[in-house]
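S.K.: The structure that follows is given in the form of structure tokens.
The values are calculated or read from the model by the stated rules, or taken from the named source; none is laboratory data. Being a predicted model, the structure only gives us computed values, none of them experimental. Cβ placement follows ideal geometry from the backbone for every residue including glycine, while neighbour counts extend to all protein chains displayed.
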Amino acid sequence: MEVFRLAREKHMADLSGKGAAIKGARWNSVGTEIIYTASNRSLAMAEVAVHFTLATLPDDYYMITIFIPDNTSIKIVQLKDLPPKKWNQFPHNKDTQQFGDVFIEDNKHCLLKIPSVVTKGDHNILINPFHPEFKNVKIIAQEKFPFDERIFK
């Protein structure tokens with residue numbers, strides 16, 4: 001399987017989860033390392049684009065393609081399995097962070113396939129950098145990614 005991540009140039013080779021741990025995000029609290037990826041390039045772009053305007057749009061993004069062997073352990077989350085308290089609200093709440101933190105702490109699976117908030121019907125693939133199978137996860141491509149400015153008009 002291939003998954004995708006849009007990252008700034010200085011972080012494009014980093015698959016540690018340390019960036020997510022600095023501020024926390026929807027599926028992890030501060031201090032919990034997790035790697036956010038998307039099941040397709042469009043979703044990877046949308047997940048980043050929601051945080052910018054045309055005036056604040058950086059020009060140093062790269063689309064990272066990550067290879068994950070098909071036999072890698074994965075926990076698939078359905079909508080009914082998500083925290084009941086507005087899991088898709090913005091700003092995100094502590095329940096969703098706790099959900100991701102437990103995934104990392106339990107360390108039963110390398111991957112967490114979870115519904116996207118930004119694009120209904122698509123999925124984010126969260127990667128546990130502490131799972132033994134993580135050693136098989138590899139970056140296979142890094143390509144400069146210019147945003148189409150029409151998205152921000």
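S.K.: Within the range 55-64, is there a residue that is surrounded by fewer than 17 Cβ atoms within 10 Å (Cβ to Cβ), among the hydrophobic types (A, V, I, L, M, F, W, C) and under 17 Å from the mean Cα position of the chain (by Cα)?
M.R.: Within the range 55-64, the subset surrounded by fewer than 17 Cβ atoms within 10 Å (Cβ to Cβ) is 55-60.
Pick out the ones that are also among the hydrophobic types (A, V, I, L, M, F, W, C) and you get 55, 57.
Adding the requirement that they be under 17 Å from the mean Cα position of the chain (by Cα) leaves none.
Within the range 55-64, none of the residues are surrounded by fewer than 17 Cβ atoms within 10 Å (Cβ to Cβ), among the hydrophobic types (A, V, I, L, M, F, W, C) and under 17 Å from the mean Cα position of the chain (by Cα).
S.K.: Taking Asn28 and the conditions (1) out of contact with any helix residue (DSSP H, G or I) (no Cβ under 8 Å at 6 or more places or on another chain); (2) closer than 21 Å to His123 by Cβ, which numbered condition does it fall short on, given that it satisfies the others?
M.R.: (1)
S.K.: Inspect the range 67-88 for any residue being hydrophobic (A, V, I, L, M, F, W, C), over 20 Å from Phe4 (Cβ atoms), buried (at least 18 other Cβ atoms within 10 Å of the Cβ) and over 15 Å from the mean Cα position of the chain (by Cα) and give the result as yes or no. Write out each step before concluding.
M.R.: Here is the first cut: in the range 67-88, the ones hydrophobic (A, V, I, L, M, F, W, C) are 67-68, 74, 76-77, 79, 82, 87.
With the extra rule that they be over 20 Å from Phe4 (Cβ atoms), the set shrinks to 79, 82, 87.
This time we only want the ones that are buried (at least 18 other Cβ atoms within 10 Å of the Cβ), so: 87.
Remaining after also requiring over 15 Å from the mean Cα position of the chain (by Cα): 87.
Scanning the range 67-88, I find at least one residue that is hydrophobic (A, V, I, L, M, F, W, C), over 20 Å from Phe4 (Cβ atoms), buried (at least 18 other Cβ atoms within 10 Å of the Cβ) and over 15 Å from the mean Cα position of the chain (by Cα), so the answer is yes.
S.K.: Moving on. Quickly run through the range 100-153 and pick out the residues that are surrounded by fewer than 12 Cβ atoms within 10 Å (Cβ to Cβ), β-branched (Val, Ile, Thr) and part of a helix (DSSP H, G or I).
M.R.: Listed by number, the list holds a single entry, Val102.
S.K.: Follow-up. Return yes or no: is Asn136 closer than 16 Å to Tyr36 by Cα and of a type outside the set (A, V, I, L, M)? Walk me through how you get there before you give the answer.
M.R.: Working: closer than 16 Å to Tyr36 by Cα: no; of a type outside the set (A, V, I, L, M): yes.
Taking the combined requirement at face value, the residue does not satisfy it.
S.K.: Can you tell me which condition Asp106 does not meet? The list is (1) farther than 14 Å from Asn28 by Cβ; (2) at pLDDT 90 or above, and all the others hold.
M.R.: Of (1) farther than 14 Å from Asn28 by Cβ; (2) at pLDDT 90 or above, only one is false for Asp106: (1).
S.K.: Any residue in the range 72-92 that's touching a residue at least 12 places away in the same chain (Cβ under 8 Å) and closer than 14 Å to Ser116 by Cβ: show its pairings with residues that are surrounded by 12 or more Cβ atoms within 10 Å (Cβ to Cβ) and of a type in the set (A, V, I, L, M) at Cβ separation under 6 Å, as long as the two are six or more apart or on different chains.
M.R.: Filtered contacts from the range 72-92: Val77/Ile114; Asn88/Val117.
S.K.: Next question, about the same structure. How many of the residues making up the range 8-53 are assigned to a strand (DSSP E or B) and surrounded by 17 or more Cβ atoms within 10 Å (Cβ to Cβ)? Steps first, please.
M.R.: Of all residues in the range 8-53, those assigned to a strand (DSSP E or B) come to 8, 25, 28, 35-38.
After this cut, where a residue has to be surrounded by 17 or more Cβ atoms within 10 Å (Cβ to Cβ) as well, the list is 25, 28, 35-38.
Residues in the range 8-53 being assigned to a strand (DSSP E or B) and surrounded by 17 or more Cβ atoms within 10 Å (Cβ to Cβ): 6 in total.
S.K.: Pairs please, first residue from the range 105-126 and farther than 20 Å from Ser16 by Cα, second anywhere and assigned to a loop (DSSP other than H, G, I, E, B) and of a type in the set (Lys, Arg), Cβ atoms under 8 Å, 6+ apart in sequence or on different chains.
M.R.: Partner pairs satisfying both residue conditions: Val117/Arg26.
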